[in-house]
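Report on the structure given below.
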Amino acid sequence: MIVIELIDDEPMETRLLEQFVTVAAEGSVTRAAERLWVAQSTVSAGIASLERSFDVRLFHRTGRALVLTAAGEDLLPHARAVLASLDRMRDLATSDDADLRGRVRLGIFTSMDVVDLTGVLRTFRERHPLVTVELMTSPSGTTGLVQDLVAGRLDLAYSGLPVVPAGIVVEPLREMPFRVFLAPDHPLAGRAAVSLRELADESFIDTAHGFGNRMILDQACERLGVRRRIVAEMNDMPAVVRFAAAGLGVGVVPDAGVAHDGVVLALSDEVEPLRVGLAMRGDVEPTRAVRALARDIVAARR
C-alpha cells in the first residue's frame, strides 16, 4: 500500500485520497462506495480519517447530498494531482503493453451506440487485464461529460458539442443527420420531407438542455425564427424517437439508426449534423492505458 507522509509524520494511505476524490465527484458516500467496490462504512471512515489528519471538515451535508466545504474545495485539486502523479509513475514503470496497469475513466452516452463499446471493452480487458475501465454518464449529456473531462474527473469522454472548450481535442467517431420522427397516423406522415416552420405548432419531444443535439437544433430554430413548444425532455435520443413514434409529440433528433414503430422524414432545413467524437484533454499527457483504450475506440468507429 502506498502511503504519503504528512507534516505531522502520520502516514496517509492513498486509498483515502481516492475515497475523498470519489465522494467529491459523486456527492454521496453510497455512490462512492459503489464505484470503489467497498462498504459505505469504509468510505465514511476514510473521510473521517482524512478530516482528523488535516483537522478540517471536508464536506457538509445539504439535503441528501454531500457538498465540499471551502477547505475541501482547496484540497481537492491537490488530492487529484497526487493520484495523477502516482498513475504516471505506474505508467512509466510499465515496459510492456501486456502489463499495463491503472484505470481509465470513460464518459459515455446512456443508450446511443457510437461504437461497439461492449466489444471494444471485452477485447481491451482480454489484452490488458490489469487496467480498470470505469464508465460514467452525466444527466446533462455531452455538456456534463466535457465539463467532467475539463475538471479531471474523466480521462476520455464522448462529445457531441458543436464547440468544445479550449484545451479539449476530439477525434471524430460518427456523424448523424437530423431527421423528423412522427407517429404513423400523424397528418404529415405521408410527406418525404418537412421544415421546422411547418412543425412550429406541434408539441415536441426532445433531449434535455446540455445535450449536443439539443444545442444544435435550438440554434437552428433561433436562426429560423421558430419557437418550439417542448412537452417532454428525455435523457437520451432513443427515448425521444420512441415517444414520438407513440404519438406523444414530434421528435427532431439525429438519426442514430434506432429501431422504432413510427415514421421518419427528412428535415428540409439546413441543420448541421451531430458530430460525435472521443474527447480528451490536450494539455495533459495521457497514460499509456488511456491512449490504448482511445486507439481501440477510434479504430471501432462506424
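The values are calculated or read from the model by the stated rules, or taken from the named source; none is laboratory data. Computed from a predicted structure; not experimentally measured. Cβ placement follows ideal geometry from the backbone for every residue including glycine, while neighbour counts extend to all protein chains displayed.
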May I ask you to list pairs of residues, at least six apart or on different chains, whose Cβ atoms are under 6 Å apart, with the first in the stretch 30-52 being in contact (Cβ under 8 Å) with a residue 60 or more places away in the chain and the second being surrounded by 14 or more Cβ atoms within 10 Å (Cβ to Cβ)? 35/22
Just one of (1) surrounded by 18 or more Cβ atoms within 10 Å (Cβ to Cβ); (2) farther than 22 Å from residue 112 by Cα; (3) not hydroxyl-bearing (Ser, Thr, Tyr) trips up residue 222, so point out which. (1)
Give just the number: which of (1) buried (at least 18 other Cβ atoms within 10 Å of the Cβ); (2) under 25 Å from residue 169 (Cα atoms); (3) of a type outside the set (A, V, I, L, M) does residue 251 not satisfy? (2)
Can you find, within the stretch 135-164, the residue that is modelled with the highest pLDDT among those that are exposed (fewer than 14 other Cβ atoms within 10 Å of the Cβ) and within 23 Å of residue 79 (Cβ to Cβ)? 135
The one condition residue 185 fails out of (1) farther than 30 Å from residue 24 by Cα; (2) assigned to a helix (DSSP H, G or I); (3) charged (D, E, K, R) is (2)
Identity of the residue in the stretch 120-134, free of Cβ contacts under 8 Å to residues at least 24 places away in the same chain and out of contact with any strand residue (DSSP E or B) (no Cβ under 9 Å at 6 or more places or on another chain), that ends up surrounded by the fewest Cβ atoms within 10 Å (Cβ to Cβ): 126
Pair list, Cβ < 6 Å and 6+ apart or interchain, from the stretch 188-204 residues that are assigned by TED's automatic domain parsing to the domain that holds residue 251 to residues that are of a type in the set (S, T, N, Q) and surrounded by 15 or more Cβ atoms within 10 Å (Cβ to Cβ): 193/268; 195/268
Near pairs, Cβ below 7 angstrom, 6+ apart or cross-chain, from the stretch 212-228 (under 18 Å from residue 277 (Cα atoms)) to any residue that is in a helix (DSSP H, G or I) and at pLDDT below 95: 212/141; 212/142; 213/237
